[in-house]
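Worksheet: the structure to be examined is printed underneath.
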Amino acid sequence: MAKLLEVQNLNKKYQSSQNEILALQDVNFYVNDGEFFSIIGPSGCGKSTLLSIIAGLEDKSSGEILIQGQKVNDISSKIGYMLQKDCLLEWRTILSNILFGLEIKGKINNETKSYAENLLKKYNLYEFKDKYPSELSGGMRQRVALIRTLAIKPKILLLDEAFSALDYQTRIMVTNDIYHILKEENITTIMVTHDISEAISMSDKVLVLTKRPGTVKKIHDIQFDIKDRSPINCRQNPEFTKYFDTLWRELGIDE
Amino acid sequence: MSENNISIERKQYLKKKRQKKYLILLTQIAILVCFLALWEILANFGIIDSFIMSQPSRILNTFFNLTSNDLLMHIWVTTYETIIGFLIGTLLGTLIAIILWWSDFIAKVSEPFLVVLNSLPKVALGPVIIIWVGAGTPAIIVMAIAISLIVTILENLNGFMKTDKDIIKMAKTFNASKFQILTKVVIPANLSTFINSLKVNIGLSLVGVISGEFLVSKAGLGYLIVYGGQVFKLDLVMTSVLILGIVAGLMYASVLLLEKIILHTKKFK
Ligand SMILES: Nc1ncnc2c1ncn2[C@@H]1O[C@H](COP(=O)(O)OP(=O)(O)OP(=O)(O)O)[C@@H](O)[C@H]1O
Ligand SMILES: [Mg+2]
């Protein structure tokens with residue numbers, strides 16, 4: 001498997017008028033093409049900061065981010081970023097919402113438009129295309145937000161606690177749906193979460209960050225002996241509890 | 001749901017609601033009628049002095065002799081001064097708010113000035129304005145702008161600043177430029193603030209125009225009121241106030257209509 005994204009010796013200091021905060025220290029890891037990669041760690045350890053730097057939204061203090069071996073410093077068109085809130089624009093229809101990214105990038109044409117519409121069809125949202133976000137349930141809104149991000153055809157998707165605003169039931173269903181969408185579209189994913197179960201059930205690898213300043217504590221390979229792997233059947237596998245215990249202890253020592 | 005599916009409870013509920021609405025309207029009309037009738041009768045019996053207090057029948061009389069008093073001309077003058085003041089105040093205010101949103105530096109620099117100007121009673125600037133732009137229509141319009149401008153800037157800027165940070169971040173993940181963030185996120189998200197400032201400004205502009213007309217005293221309803229007061233033509237004063245009320249109501253109604261149009265086109269874009 002080829003390395004798609006590499007983070008090398010990354011450091012991040014925040015400056016404010018009161019003090020200086022070292023948020024990330026010497027972070028090193030890489031993500032392979034097609035992998036589902038999760039990042040967990042105590043709150044305030046710098047997870048969101050790390051994603052924002054990878055996305056190019058936040059400057060780094062030192063270190064490198066490489067995508068397919070090339071240094072990136074800006075907002076890369078290879079990256080899609082999905083935030084915790086769905087951030088749908090209430091004054092636009094669902095169709096117009098999913099085209100928002102393309103519109104911003106000036107890339108609306110028949111081809112990109114039909115690609116986006118096909119995503120809507122594929123994931124059972126097409127009949128809602130002329131509705132407004134307020135008419136949709138939380139889980140549907142989150143899927144619309146995902147399609148908006150996928151419409152720009154990113155190679156890497158970043159998810160920052162993208163499901164934590166959903167209630168438990170919906171969350172299990174939506175993570176399952178989204179997992180399948182991402183595998184189907186063959187998108188490499190980096191997900192930040194607080195939820196150890198969510199990380200185990202979806203990921204190929206889980207990175208554990210220490211408390212602030214965040215450094216890599218350990219990277220775990222997650223492997224299940226299941227044919228049609230899905231987050232839901234992972235949760236029922238005996239291996240699941242083993243992974244859970246390991247990760248839970250590792251997080252617990254810090255807090 | 002079709003008509004015959006409605007349950008009896010629901011029917012009764014709707015009926016009660018409708019009855020209450022009519023009752024309120026009826027009471028309002030009754031109060032108005034009683035007030036006017038009482039005024040008329042008391043004046044007729046000489047219990048109140050109709051020379052000082054005027055009288056509904058005399059107001060009506062003046063009102064229907066519109067042409068003899070050049071009333072139409074005065075109404076027109078006040079209306080167009082208000083509309084021009086309103087348009088300039090609102091558009092300029094919104095434009096300045098956009099500039100201040102764009103440049104944090106300019107916003108920080110101008111903040112204390114805006115705060116002071118906002119709390120200053122603008123009518124106090126009247127004489128200065130007259131000296132600067134001359135005692136005429138321009139002075140009145142400047143007055144109307146002075147009253148609505150600062151409020152518009154502050155209201156809109158406040159709305160712009162409060163735009164959901166996460167939505168702006170979302171737009172940035174698509175590499176949106178500042179101009180795109182402005183036009184595709186900040187402005188549409190603040191449409192209701194803008195419409196609100198339209199509603200407030202129509203009233204404020206009218207206040208500006210009337211106080212301007214008080215000072216400049218050449219034409220307009222404000223002039224008529226001052227003039228009527230000076231020559232003790234209370235019928236004229238009362239009629240002017242009545243018309244002013246009607247003009248204000250109509251202007252507010254047209255802003256409501258504008259709101260409907262804006263919201264409508266927005267939905268079907
Ligand atoms: N813009 C900023 N300016 C100054 N300090 C910041 C800024 N953003 C984050 N920090 C600090 O950096 C540290 C890491 O923040 P970050 O949001 O990345 O943590 P996190 O792991 O995502 O936390 P959570 O689990 O609560 O989401 C925190 O201590 C935070 O206070
Ligand atoms: Mg975070």
Run down the aspartates and glutamates and flag those whose C-alpha is under 17 Å from the C-alpha of B:Lys178, throwing out any fewer than 8 positions away in its chain.
A:Glu58, A:Asp74, A:Glu103, B:Asp104, B:Asp164, B:Asp166
Give me D for the stretch B:3-48 in µm² s⁻¹, whole number, from Stokes-Einstein with Rh from the Kirkwood sum over alpha-carbon pairs, 37 °C and 0.692 mPa s.
246 µm²/s
Report, as an integer, the average count of C-beta atoms from other chains found within 10 Å of each Cβ along A:83-91.
5
With angles folded into 0 to 90 degrees, how steeply does helix B:234-267 sit against the dominant principal axis of chain B? Use alpha carbons for both and round to 10.
30 degrees
Cβ neighbours within 10 Å from other chains - mean over B:165-171
6
In terms of modelled amide H atoms, which long-range or inter-chain residues lie less than 5 Å from the amide H of A:Met82?
A:Leu158, A:Leu159, A:Asp160
The stretch A:80-153 - percent of accessible surface contributed by carbon and sulfur, probe 1.4 Å
45 percent
Amide H contacts under 5 Å for A:Ser61, restricted to residues at least 5 apart in sequence or on another chain and with H modeled in the peptide plane, are A:Asn11, A:Lys12, A:Lys13
State, in square angstrom and to the nearest 100, the accessible area buried between chains A and B, both chains counted, probe radius 1.4 Å.
1900 Å²
What is the Rg over Rh value, at two decimals, for the protein assembly as shown, using alpha-carbon atoms and the Kirkwood definition of Rh?
1.15
Counting other Cβ atoms within 10 Å, which trypsin sites (Lys or Arg not before Pro) in the stretch B:1-65 have at most 10 and lie in a DSSP loop?
none
Cross-link table A:Lys105/B:Lys172; A:Lys60/A:Lys217; A:Lys13/A:Lys211; A:Lys13/A:Lys47, entries beyond 18 Å C-alpha to C-alpha:
A:Lys60/A:Lys217
Distance (nanometres) between label positions extended 7 Å along Cα→Cβ at B:Lys16 and B:Ala30:
2.1 nm
How many percent of the alpha carbon pairs in the stretch B:62-265 exceed a separation of 21 Å?
58 percent
Taking R0 as 22 Å and r as the Cβ-Cβ distance between B:Lys218 and B:Leu72, the FRET efficiency 1/(1 + (r/R0)^6), rounded to the nearest 0.05, comes to 0.85
Which longest run of chain B has no exposed loop site in it, a site being chymotrypsin sites (Phe, Trp or Tyr not before Pro) in a DSSP loop with at most 13 other beta carbons within 10 Å, and the site itself not part of the run?
B:46-231
Averaged per residue, the 1.4 Å probe accessible area of the stretch A:80-153, protein heavy atoms only, in Å², is roughly 41 Å²
Between the stretch A:31-56 and the stretch B:34-65, how many Å separate their Cα centres?
79 Å
Rounded to the nearest 0.05, what FRET efficiency do A:Ser96 and B:Ile168 give with R0 = 25 Å and r taken as the Cβ-Cβ distance? Could you check?
0.85
Once R0 is set to 22 Å, what does the formula 1/(1 + (r/R0)^6) return for the Cβ-Cβ distance between A:Gln68 and A:Asn9, expressed as a FRET efficiency to the nearest 0.05?
0.70
Computed ³J(HN,Hα) along the stretch A:44-57: with the Karplus parameters 6.51/-1.76/1.60, θ = phi - 60°, integer Hz and x for glycine or proline, the list is x, 8, x, 5, 5, 4, 4, 5, 4, 5, 4, 6, x, 7
Consider a paramagnetic label point 7 Å from the Cα of A:Glu20 along Cα→Cβ; state which residues of the stretch A:202-226 have an amide N under 17 Å from it.
A:213-214
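The values are calculated or read from the model by the stated rules, or taken from the named source; none is laboratory data. Since this is a predicted model, take the numbers as computed values, not measurements. Every residue, glycine as well, gets a Cβ built from its backbone with ideal geometry; the counts of neighbours run over all protein chains shown. Ligands, DNA and RNA are excluded from the accessible area calculation, which covers all protein heavy atoms including side chains. Shrake-Rupley method; radii C 1.70, N 1.55, O 1.52, S 1.80 Å.
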